[in-house]
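Below is one structure, written out as structure tokens; comments come after it.
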Amino acid sequence: MTSSLAVSSYSYFPTQVYQFDLPEAEALNEQLMTLISALRSVDEEGIQKSNRQELGGWHSRGVLQKLPEFEPLVNHVREAGERISSDLQYDETQELQISSMWSIVNPPGAFNLAHVHPGCLWSGVYYVRAPEGCGKISFTDPRLAHIMNKPKYSPDRGAPKKCWTKVSFTPVGGKMLLFPSWLYHAVEANRADPDDGNGERVIISFNLSQRKRK
């Protein structure tokens with residue numbers, strides 16, 4: 001139907017998810033796998049957060065940013081934080097600093113429950129090992145009223161991207177995602193081949209908070 005109405009459309013309240021692809025990730029990931037395996041060998045139980053220990057999931061202590069061995073990844077995270085700060089026009093006297101960093105290992109069958117990260121601005125995940133079918137990360141629109149009353153979209157075209165209420169990312173080794181810490185996210189069950197010796201999904205996650213530049 002042709003309309004004579006003058007139309008203006010405005011998009012407010014965006015939710016950014018940033019993706020960074022690290023250079024020379026294969027060599028970095030080999031080093032990280034060695035470090036994570038060593039940490040796991042001395043702290044076999046780890047801690048439980050969104051992971052399920054009874055399914056074999058392992059969660060390290062959140063202090064990896066303090067260990068000099070993880071400095072190469074820490075530097076990449078800092079660079080990502082600077083890019084976000086510039087893009088969003090944050091106060092230049094402030095910088096996004098890592099407040100905690102940890103590793104999670106999900107064997108086949110393991111998953112992470114939906115959760116948020118209170119007390120920080122941005123959170124992120126870096127994929128160290130991501131075998132096929134190891135579990136996508138999904139983000140859900142936190143505006144419950146919006147989810148409760150969903151309109152019917154064209155069966156041929158579906159909802160436009162700006163109207164999605166859930167989005168998923170496939171994990172890929174060397175990929176890093178950063179997202180607002182208040183954004184609900186979960187990890188699907190690892191469906192990688194359990195007979196494959198490399199079937200574990202291995203990631204490093206972190207939180208970022210603004211701190212006064214030194």
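The values are calculated or read from the model by the stated rules, or taken from the named source; none is laboratory data. Keep in mind that what you see is a predicted model, and the values were worked out from it rather than measured. With ideal geometry, Cβ positions are generated from the backbone for all residues, glycine too; neighbour counts draw on all protein chains shown.
Listed values, structure above:
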| read-out | value |
| --- | --- |
| Qualifying residue in the range 132-144 (condition: part of a strand (DSSP E or B), surrounded by fewer than 14 Cβ atoms within 10 Å (Cβ to Cβ) and of a type outside the set (S, T, N, Q)) | no |
| Test: residue in the range 79-96 that is closer than 25 Å to Leu39 by Cα and either buried (at least 19 other Cβ atoms within 10 Å of the Cβ) or basic (Lys, Arg) (or both) | no |
| Criterion violated by Phe20 - all others in (1) surrounded by 11 or more Cβ atoms within 10 Å (Cβ to Cβ); (2) outside any strand (DSSP E or B) satisfied | (2) |
| Yes/no for Gly81 being over 18 Å from the mean Cα position of the chain (by Cα) and under 23 Å from Ser138 (Cα atoms) | no |
| Any chance Arg201 is over 30 Å from Glu95 (Cα atoms) and in contact with a Lys or Arg (Cβ under 8 Å, 6 or more places away or on another chain) | yes |
| Lone qualifier among Ala38, Ala80, Ala27 - being closer than 14 Å to Ser205 by Cα and either of a type in the set (D, E, K, R) or part of a helix (DSSP H, G or I) (or both) | Ala80 |
| Top-ranked residue of the range 161-185 - restricted to ones that are at pLDDT below 95 and hydrophobic (A, V, I, L, M, F, W, C), ranked as farthest from Glu26 (Cα to Cα) | Cys163 |
| Of the criteria (1) surrounded by fewer than 21 Cβ atoms within 10 Å (Cβ to Cβ); (2) of a type in the set (Gly, Ala, Ser); (3) part of a loop (DSSP other than H, G, I, E, B), which one Ala186 fails | (3) |
| Residue match in the range 17-35 (condition: of a type outside the set (Gly, Ala, Ser), farther than 26 Å from Gly109 by Cα and in contact with an Asp or Glu (Cβ under 9 Å, 6 or more places away or on another chain)) | yes |
